[in-house]
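This report concerns only the one structure given below.
We did not get these values from a lab; they are worked out from the coordinates using the rules stated. Please read all numbers here as calculations on a predicted model, not as lab measurements. Methodologically, a virtual Cβ is constructed for each residue, glycine included, from the backbone with ideal geometry; neighbour enumeration extends over all protein chains shown.
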Amino acid sequence: MSHAQPALSFVIPLYYSAATIRPLVKEIEMLPIVGGHEIVLVNDGSRDETSAVCRELVGEARVPIVFINHARNFGEHNAVLTGYRHARGAHIVNLDDDGQNPPAEAVRLWEHAKRSELDVVYGHYEQKEHSLFRNFGSWFTNRLTDYVLDKPKGFYLSSFRCVSAFAAREVGAHDGPFPYIDGLLLQVTQSIGSLEVQHRAREAGQSGYTLRRLLRLWASTFVNFSVMPLRIATLLGLLMAAAGLAGLAAIFYLRYIDHGPAYGWGSLMGALLVFSGTQLVMLGLIGEYIGRMFLTINRRPQSVVRDVERGG
């Protein structure tokens, strides 16, 4: 196998991809890439036949191919970082395993990145072929990042992106257990752009993004790359304290002019629940920060590679 640096690496995180990965790899193999290309497959703890199919592809490959097997499921962003660390290309495109990101569109991202000399180019979809739930999750994540990350407001972030080897190397140096790739990329460079690309319907199976995974992604976005939640909690606490002081002042005034209302158990418990609930939210938020710091300090692994196979 040649050790020359290929022009482009395709990094594909896999999760229960046995039915979709073969046609995708075969389509990538046929692409005419000036300077050559390679494929990096990262199996993120799939328990179906994904590993067996990938090993067959390694033996059949017509281009350099790397198959990396995670010891368990760590998440899509962790798997992409593993792929970045094993990719050798001058540019790296990561795309989904379900065939919804056409490889030809990945080539367009790469050409736009070279032509514009950008470190990162995101694919922007004119029409997405996801479910309503997944589309809402993507929309909400992008609105959230408008306020949390250092990016142009309204700029669309997607998992279909082309990055330079420089950006991939800097992002791959991050070893925290809760990575969010777009946040890391925006900390590394502001040389970013976007390109409208096509989005195909899913060829088989269903999306692995459940509500739990989306909540985890939102938590990583909010907590790992911003102290804004703590500032919001502080502001909320100040507002609640100010409301309490204003209420006390009103009560004293009404009592002074002998027009004070008779407060009962219900109003007292209502006020107690409001203040107690606010305090618990603040404590939970602070606890989330402390918990993530604890796991990071104790070196919770971002990923564990069981084995690596090469072919092509």
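What the table below lists for this structure:
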{"item": "Ranked packing of 11-21, 66-76, 230-240, 31-41, most packed first, by mean Cβ within 10 Å", "result": "11-21, 66-76, 31-41, 230-240"}
{"item": "Computed Kirkwood radius, in angstrom, where 1/r is averaged over Cα pairs of region 44-113", "result": "13.7 Å"}
{"item": "For Tyr125, residues with placed amide H under 5 Å, excluding near neighbours", "result": "Val197"}
{"item": "Charge context of Arg88, other residues only, Cβ under 13 angstrom, K/R +1, D/E -1", "result": "+2"}
{"item": "Cut-off under 5 Å, modelled amide H: who pairs with Val40 long-range", "result": "Phe10, Val11, Ile12, Val66"}
{"item": "Ser116 paired with Gln5, simple spin-label distance in nm, labels 7 Å along Cα-to-beta-carbon", "result": "2.2 nm"}
